[in-house]
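K.L.:
Input: one structure, supplied below.
The values are calculated or read from the model by the stated rules, or taken from the named source; none is laboratory data. Keep in mind that what you see is a predicted model, and the values were worked out from it rather than measured. Cβ atoms come from the backbone with ideal geometry, glycine included; neighbour counts cover every protein chain shown.
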Amino acid sequence: MGIKVITDPEFINEVQQANQPVLVYFWAAWCGPCRLMSPAVEQVANIYGDRLKIVKLEIDNNPETVKECQIEGVPALRLFQDNRLVMSHEGAMTKTKLTELLDSSLATK
């Protein structure tokens with residue numbers, strides 16, 4: 001399924017009005033940990049593509065969503081389900097840790 005790159009104007013339609021859980025990956029081009037974490041997010045998109053939508057949002061060009069989601073550092077992840085924030089994480093992590101977080105968050109529905 002892959003990862004869709006979105007911007008502030010698309011956030012409402014792609015995330016808040018989605019009919020499935022959405023993982024938002026906040027990143028920045030200048031962020032070293034983001035470059036390390038991007039492959040894990042890509043792999044997770046392939047694994048969870050049938051039950052989870054993953055979108056990517058660059059923080060520098062999208063200040064409204066960054067403020068709304070209270071992003072204080074990157075990389076950052078926010079998982080939304082039924083327009084509610086169900087998981088929040090800031091900082092790089094391994095693919096294993098990311099899948100553990102998603103499994104526990106998605107199981108709580």
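K.L.:
Here are Leu101, Leu85: which of them is surrounded by fewer than 19 Cβ atoms within 10 Å (Cβ to Cβ) and part of a helix (DSSP H, G or I)?
P.N.:
On the way: Leu85 fails: part of a helix (DSSP H, G or I).
The match here is Leu101.
K.L.:
Consider only pairs whose beta carbons are under 6 Å apart and that are at least six residues apart or on different chains; among these, list those whose first residue lies in region 33-44 and is closer than 10 Å to Ala92 by Cβ and whose second residue is charged (D, E, K, R).
P.N.:
Listed by first residue and then by second, the contacts come to Ala40/Lys95.
K.L.:
If only one of Ile71, Ile59 is at negative phi, crowded, with 18+ Cβ neighbours inside 10 Å, without any contact (Cβ under 8 Å) to a residue 40 or more places away in the chain and of a type in the set (Val, Ile, Thr), which one is it? Show your work before the answer.
P.N.:
Working: Ile71 fails: without any contact (Cβ under 8 Å) to a residue 40 or more places away in the chain.
The unique qualifying residue is Ile59.
Per-residue answers, yes or no, for (1) among the basic types (Lys, Arg); (2) farther than 16 Å from Val5 by Cα:
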position: Trp27; (1), (2): no, no
position: Thr65; (1), (2): no, no
position: Glu68; (1), (2): no, yes
position: Arg84; (1), (2): yes, yes
position: Ser105; (1), (2): no, yes
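K.L.:
Of the numbered conditions (1) within 12 Å of the chain's Cα centre (by Cα); (2) closer than 18 Å to Gln17 by Cα; (3) charged (D, E, K, R), Glu90 fails exactly one; give the number of that condition.
P.N.:
Among (1) within 12 Å of the chain's Cα centre (by Cα); (2) closer than 18 Å to Gln17 by Cα; (3) charged (D, E, K, R), the lone unmet condition for Glu90 is (2).
K.L.:
Hey, another quick one. If the Cβ limit is 6 Å and pairs must be 6+ apart or interchain, which residue in region 74-91 that is within 15 Å of Leu57 (Cα to Cα) and touching a residue at least 40 places away in the same chain (Cβ under 8 Å) pairs with which residue that is β-branched (Val, Ile, Thr) and assigned to a strand (DSSP E or B)?
P.N.:
Arg78/Val24; Leu79/Val86; Phe80/Val22
K.L.:
Right, another one. Would you check which residues across region 1-38 are exposed (fewer than 15 other Cβ atoms within 10 Å of the Cβ) and within 15 Å of Val74 (Cα to Cα) and list them?
P.N.:
Correct list: Ala29, Trp30, Gly32, Arg35, Leu36.
K.L.:
Continuing with this model, one more query. Mind checking which residues of region 45-82 are in contact with a strand residue (DSSP E or B) (Cβ under 8 Å, 6 or more places away or on another chain), at pLDDT 95 or above and in a helix (DSSP H, G or I)?
P.N.:
Result: Thr65, Val66.
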